1. Checking the table B:K68/C:K117; B:K99/C:K117; D:K6/D:K68; D:K3/D:K128; A:K99/D:K128; B:K117/C:K68 against a 24 Å threshold on Cα-Cα, which pairs fail?
2. ³J(HN,Hα) across the stretch A:102-110 via Karplus (A = 6.51, B = -1.76, C = 1.60, θ = phi - 60°), whole Hz, x for Gly/Pro?
3. Suppose every Lys and Arg Cβ carries +1 and every Asp and Glu Cβ carries -1, with no other charges. What dipole size does the stretch B:42-143 come out with about its Cα centre, to the nearest 20 debye?
4. Considering every pair of different Cα atoms, what Kirkwood radius, in Å, is found for the stretch B:52-92?
5. Given the protein assembly as shown, report the % of alpha carbon pairs whose separation exceeds 47 Å.
6. Could you tell me what percent of the accessible area of chain B is made up of carbon and sulfur, with a 1.4 Å probe and every protein chain present?
7. Using amide H atoms built in the peptide plane, which far-off residues or other-chain residues are under 5 Å from B:R103 H to H?
8. Output wanted: per-residue J couplings in Hz (rounded whole) for the stretch D:116-126, from phi through Karplus 6.51 cos²θ - 1.76 cosθ + 1.60, θ = phi - 60°, x for Gly and Pro.
Number of protein chains: 4
Amino acid sequence: MPKIFKTDRALRFGDCDISGTAYFPSYLDILNGVNEEFWGHLGYSWHTIIWTQRWGTPTVHLSCDFSKPSLFGETLSFELGVIKLGRSSVTLRHRISCKQEVRWTSTQVLAASDLDKHTSIPWPEDVKHTLEAWLTDQETLGF
Amino acid sequence: MPKIFKTDRALRFGDCDISGTAYFPSYLDILNGVNEEFWGHLGYSWHTIIWTQRWGTPTVHLSCDFSKPSLFGETLSFELGVIKLGRSSVTLRHRISCKQEVRWTSTQVLAASDLDKHTSIPWPEDVKHTLEAWLTDQETLGF
Amino acid sequence: MPKIFKTDRALRFGDCDISGTAYFPSYLDILNGVNEEFWGHLGYSWHTIIWTQRWGTPTVHLSCDFSKPSLFGETLSFELGVIKLGRSSVTLRHRISCKQEVRWTSTQVLAASDLDKHTSIPWPEDVKHTLEAWLTDQETLGF
Amino acid sequence: MPKIFKTDRALRFGDCDISGTAYFPSYLDILNGVNEEFWGHLGYSWHTIIWTQRWGTPTVHLSCDFSKPSLFGETLSFELGVIKLGRSSVTLRHRISCKQEVRWTSTQVLAASDLDKHTSIPWPEDVKHTLEAWLTDQETLGF
């Protein structure tokens, strides 16, 4: 069984546009919050790593397919898997669903970065080991 | 005992600015989500009233005092009281705290509005009765 | 003649909610950008004062009256006056109009703050003199 | 010479996160505003097509590469080309630069959609002809 991080988010009025469905930049703001929750779950809260250790995980690549619109008031299920791990990067795969229907998917690459020098850094050893325990290939992940 | 609606919100990375504390427009986006949750709790989900009944509760007045900054990663406690009820408006009072410290307060006036005509309407009878049951004066509310 | 800073902003699709009118937290995000432009016009770009001098002007009080809705696609005229100057604070008055119709007004208090200590500081002498040259009373300002 | 739509955007304080560089969901909110300006330039303002003709152009695919961070206070140059035109979709290519340095690029697919039925529709004939006049292949476009 692949390790999948799951969490829910209500799609709020303020996340939607004139069509009553999610405004896509708001989707990505929500996704970033899901990533923040995931890192906290791993034991590396962004609060700690950014304030204390002065590194972060900016997004260097993002690819999204929006297949079905989501209406405000709906609760969305986020699933996150780790599908690739590099020396200083990690590739996440996201699936966002509601009522068993996939609404959108995303592949996102984060890079470990020194916040003061704005340069990429290798993963700290403990972070690397933690991420390795989540690693699965996309086929096994199933989305 | 005054009726107070309480809910929590994590202050996320994306809600904060370069100082690492809440960007005030993001505070108001969060507050709007708290209001949305409150109306759902009353039995009048915005989803239903907006889509089905074609009325809403736009903000016509807002006053905020930001007394202490909030850091990203903190969990904020929102308290909401109903301090005044008019023919087609309601005045809400909000207190937002963290670790027993008040971070900011707000007084907000919402007006019942016909979404198609963009005009104010009297509260539907059942909504009026529901809001009356929450009504308290600000002194009793205590914030 | 009172000194008034004027600038325009298009109300974009992404600033509007399901009603097709401005989402009020987006209004405040736009207002913050107008303030940023005003400070740049004064010769104190936020970029410089925040990065180089390590002080900023967080909002400590905000009061808004939203009298008429604004539709997406409209261009809004922002007018800003300085109506009060304290030792470490400044009170701004904003009027936002479209086609000679006032859409909303706001009174906003900014406090000069040390960004590292999160404490208020007196205005630097040159900033104080610059702001004094803009000072007018609200009656003369006319909004 | 390929047809390229060009416009500038100041990166504002409110678009940046704790690192002082652009928060990527804000980048996409800005990008959406650039698209809105492009459609207005074509003669199809979103205001008109959404309110009057009841169709829109939601994003169905988005791919971004963020190669260099952008600092708040910088002015970004947006370049937009049309690289593919389908029966009811159009593929846009974006390059965002500052001081001759590419900061990020994006490929975005928009689909013509009926806003009431939430279904895709073929481009209206006049829109199709207008977009055809902008069509270029990505190699010729050069980014």
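The values are calculated or read from the model by the stated rules, or taken from the named source; none is laboratory data. Nothing here was measured: the structure is a model prediction, and the numbers come from that model. A quick note on method: Cβ atoms are made from the backbone with ideal geometry, for glycine too, and the neighbour counts reach across all protein chains shown. Each accessible area value is taken on the protein alone, full model and side chains, heavy atoms only, with ligands, DNA and RNA left out. Shrake-Rupley method; radii C 1.70, N 1.55, O 1.52, S 1.80 Å.
1. Working: B:K68/C:K117 13 Å; B:K99/C:K117 20 Å; D:K6/D:K68 20 Å; D:K3/D:K128 16 Å; A:K99/D:K128 36 Å; B:K117/C:K68 13 Å.
Flagged as over cut-off: A:K99/D:K128.
2. 6, 9, 7, 10, 8, 10, 9, 10, 9
3. In debye, rounded to 20, the stretch B:42-143 gives about 180.
4. Values: mean 1/r = 0.0729 Å⁻¹.
The answer is 13.7 Å.
5. That fraction is 11 percent.
6. On the way: 2980 of 5980 Å².
C and S atoms contribute 50 percent here.
7. Those qualifying (amide H under 5 Å, at least 5 residues apart or on another chain) are B:I96, B:S97, B:C98.
8. Computed from phi, the couplings for the stretch D:116-126 are 7, 8, 6, 10, 6, 10, x, 4, x, 3, 5 Hz.
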